[in-house]
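Below is one structure, written out as structure tokens; the observations come after it.
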Amino acid sequence: MNDPRLNLEHFWMPFTANRQFKAKPRMLVSAKDMHYMSDDGRQILDGTAGLWCVNAGHGRQEIIDGIKRQLDVLDFAPTFQYGHPGPFIAAEKVAKIAPRGMSHVFFANSGSEAVDSALKIALAYHRARGEGTRTKFIGRERGYHGVGFGGISVGGMVANRKAFGGQLLPAIDHLPHTFNLEHNAFSRGQPKWGAHLADELERLVALHDASNIAAVIVEPVAGSTGVLPPPVGYLEKLRAICDKHGILLIFDEVISGFGRLGTPFAAQYFNVTPDLITCAKGITNATIPMGAVLVRDEIHEAFQHGPEYLLDIYHGYTYSGHPVAAAACIATLDLYENTGLFESSRAMHQHMADGAHSMRELPNVIDVRNIGMVAAIELAPRPGKPTTRAYDFMVRAFEAGLLTRVTGDTIALSPPLIINKPQVEEMFGKIGEILRTLD
Ligand SMILES: Cc1ncc(COP(=O)(O)O)c(C=O)c1O
């Protein structure tokens with residue numbers, strides 16, 4: 001049971017129904033490999049890699065050791081006008097697995113910061129090239145790009161925007177989302193219908209004029225909005241239209257980066273190379289906060305002109321390239337490489353897909369989507385009470401020893417990439433049992 005000495009009053013929990021949680025907490029106290037331990041001593045199978053971030057599973061000794069070693073040597077050193085080895089080594093390792101031609105890395109501390117950094121790099125890039133009128137960003141409905149003002153402005157999740165609406169960035173437009181049950185329900189992998197939705201970008205260009213548009217930002221696979229793999233041909237079209245009009249394409253790979261689809265980045269999975277990639281989460285296996293922007297070489301080059309004493313970019317965080325985060329990143333990327341994790345995890349993709357789609361006939365299931373090591377089960381909302389069915393599912397799953405994430409009435413699954421077949425079966429076995437009896 002919950003430790004009665006623990007005072008729950010003071011921590012204002014993020015993205016949480018605080019009163020509901022504190023009345024009946026779901027408390028995790030330790031973790032190893034595929035499992036958490038709850039405070040009442042139960043093993044909880046991690047169906048969500050924490051929050052889509054613990055890609056190599058929990059408590060990996062190599063990463064812990066790397067972090068400890070770093071703390072003994074250098075706790076902090078600035079990266080403004082000084083340097084220390086960690087972020088240089090980390091950046092080289094990130095660049096090694098990045099899509100070709102994206103070999104420059106700007107470090108931040110989270111996905112939200114990476115997104116803001118990428119948007120600012122896009123603006124400053126156009127300005128550096130004498131195209132300073134390019135200031136508008138195009139996001140997408142149902143997009144999630146974190147919670148900075150830049151991120152919620154280009155993002156398209158209504159609940160994350162509405163309380164802050166008056167102060168969102170002004171020069172923003174949105175592409176339509178690609179969710180469509182009529183055409184795409186129960187698609188396996190990329191849905192066949194919907195590439196034409198990328199043509200909406202041409203309409204926005206015609207409306208605003210390309211000379212005013214800096215960048216388009218999308219998640220290659222939308223995650224937080226309920227797992228939406230891109231329709232076949234959609235990302236290719238976006239790329240082509242951006243190229244035609246000199247618009248930068250930003251892939252927000254905070255979830256899809258670091259092996260979620262079996263490749264280092266989704267860009268490689270889909271064979272579409274953007275101009276900027278934002279990432280975070282799996283970059284340190286979630287041990288220490290870190291985010292990053294991968295920058296195409298020509299974009300970085302545009303900042304290398306003018307007097308040498310001038311700063312390249314007037315942007316950075318105290319902890320950009322923090323020594324401990326950099327050490328975590330180095331150890332994590334070494335672990336991914338040495339264990340061949342991304343490649344070996346591909347063997348589970350089919351089991352994930354089969355497990356998810358075996359839920360199809362269960363009560364209230366109106367869609368199942370999957371790609372790589374991600375799956376979603378969409379439930380019909382209860383009349384007049386949207387989100388409560390999925391929430392009740394999440395509580396029941398936790399009681400049954402399974403960590404899941406729900407968004408709206410969608411159950412999202414994104415286990416650590418080390419999951420094995422019996423664990424995939426256990427996960428869907430538990431989900432199926434609950435769905436059979438959930439009203
Ligand atoms: C695509 C995407 N971008 C940005 C973020 C924000 O990352 P953070 O919570 O680290 O700020 C997330 C978080 O889930 C995300 O999925």
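The values are calculated or read from the model by the stated rules, or taken from the named source; none is laboratory data. Just so it is clear, the model here is predicted, and its values are computed rather than measured. Counting neighbours? That spans all protein chains shown, and the Cβs are built from the backbone with ideal geometry, glycine included.
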I'd like to know if region 187-195 contains one or more residues that are of a type outside the set (Asp, Glu), more than 23 Å from ALA240 (Cβ to Cβ) and within 16 Å of the ligand (Cβ to nearest atom). no
Just the residues that are in contact with a His (Cβ under 9 Å, 6 or more places away or on another chain), more than 10 Å from the ligand (Cβ to nearest atom) and part of a loop (DSSP other than H, G, I, E, B), please, taken from region 142-161. ARG142, GLY156
Filter region 381-404 for residues that are within 21 Å of ASP40 (Cβ to Cβ) and outside any loop (DSSP other than H, G, I, E, B) and give the result. TYR391, ASP392, PHE393, MET394, VAL395, ARG396, ALA397, PHE398, GLU399, LEU402, LEU403
Please indicate, with yes or no, whether at least one residue in region 405-424 is in a helix (DSSP H, G or I), surrounded by fewer than 21 Cβ atoms within 10 Å (Cβ to Cβ) and not polar (S, T, N, Q). yes
Given the options LEU71, LEU28, LEU8, name the one that is more than 24 Å from SER256 (Cα to Cα) and touching a Lys or Arg at 6+ places or on another chain (Cβ under 7 Å). LEU8
Within 16 Å of the ligand (Cβ to nearest atom), at pLDDT 95 or above and either under 22 Å from ILE255 (Cβ atoms) or of a type in the set (S, T, N, Q) (or both): is that true of ALA215 in this structure? yes
Given (1) among the polar types (S, T, N, Q); (2) closer than 29 Å to ALA280 by Cα; (3) free of Cβ contacts under 8 Å to residues at least 60 places away in the same chain, identify the lone condition not met by THR437. (2)
Among the residues of region 163-212, count how many are part of a strand (DSSP E or B) and either of a type in the set (D, E, K, R) or under 15 Å from LEU249 (Cβ atoms) (or both). 2
Here is a list of conditions, (1) loosely packed, with under 11 Cβ neighbours inside 10 Å; (2) touching a residue at least 24 places away in the same chain (Cβ under 8 Å); (3) of a type in the set (A, V, I, L, M, F, W, C), and MET27 meets all of them except one; can you say which number that is? (1)
Extreme residue, nearest to the ligand (Cβ to nearest atom), among residues of region 52-70 that are touching a Ser or Thr at 6+ places or on another chain (Cβ under 9 Å) and within 17 Å of LEU403 (Cβ to Cβ): TRP52
Scan region 103-130 for residues that are charged (D, E, K, R) and touching a strand residue (DSSP E or B) at 6+ places or on another chain (Cβ under 7 Å) and jot them down. GLU113
Inside region 289-306, can you point out the residues that are surrounded by fewer than 23 Cβ atoms within 10 Å (Cβ to Cβ) and within 16 Å of the ligand (Cβ to nearest atom)? PRO289
Odd one out for ILE283, checked against (1) closer than 27 Å to GLY408 by Cβ; (2) within 13 Å of the ligand (Cβ to nearest atom); (3) touching a strand residue (DSSP E or B) at 6+ places or on another chain (Cβ under 8 Å): (1)
Restricting region 163-200 to residues that are within 30 Å of ASP116 (Cα to Cα) and of a type in the set (Phe, Trp, Tyr), the residue that is surrounded by the most Cβ atoms within 10 Å (Cβ to Cβ): PHE179
Within the group ALA380, ALA353, ALA400, ALA390, which residue is modelled with pLDDT of 95 or more and crowded, with 24+ Cβ neighbours inside 10 Å? ALA390
Residues (more than 11 Å from the ligand (Cβ to nearest atom) and within 22 Å of THR225 (Cβ to Cβ)) located in region 243-261: LEU249, PHE258, GLY259, LEU261
List the strands (runs of 3 or more DSSP E) that sit entirely inside region 291-380 and contain at least 3 residues that are not assigned by TED's automatic domain parsing to the domain that holds PHE80. 365-371, 374-379
Yes or no: ASP116 within 16 Å of the ligand (Cβ to nearest atom), of a type in the set (Asp, Glu) and free of Cβ contacts under 8 Å to residues at least 40 places away in the same chain? yes
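Residues checked against (1) closer than 27 Å to ALA356 by Cβ; (2) in contact with a Gly (Cβ under 9 Å, 6 or more places away or on another chain); (3) small (Gly, Ala, Ser):
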position: MET157; (1), (2), (3): yes, yes, no
position: ALA163; (1), (2), (3): no, no, yes
position: ASN180; (1), (2), (3): yes, yes, no
position: PRO191; (1), (2), (3): yes, no, no
position: GLY194; (1), (2), (3): yes, yes, yes
position: ASP209; (1), (2), (3): no, no, no
Leading residue by the ranking (nearest to the ligand (Cβ to nearest atom)) among those in region 266-278 that are touching a strand residue (DSSP E or B) at 6+ places or on another chain (Cβ under 6 Å) and assigned to a loop (DSSP other than H, G, I, E, B): PRO274
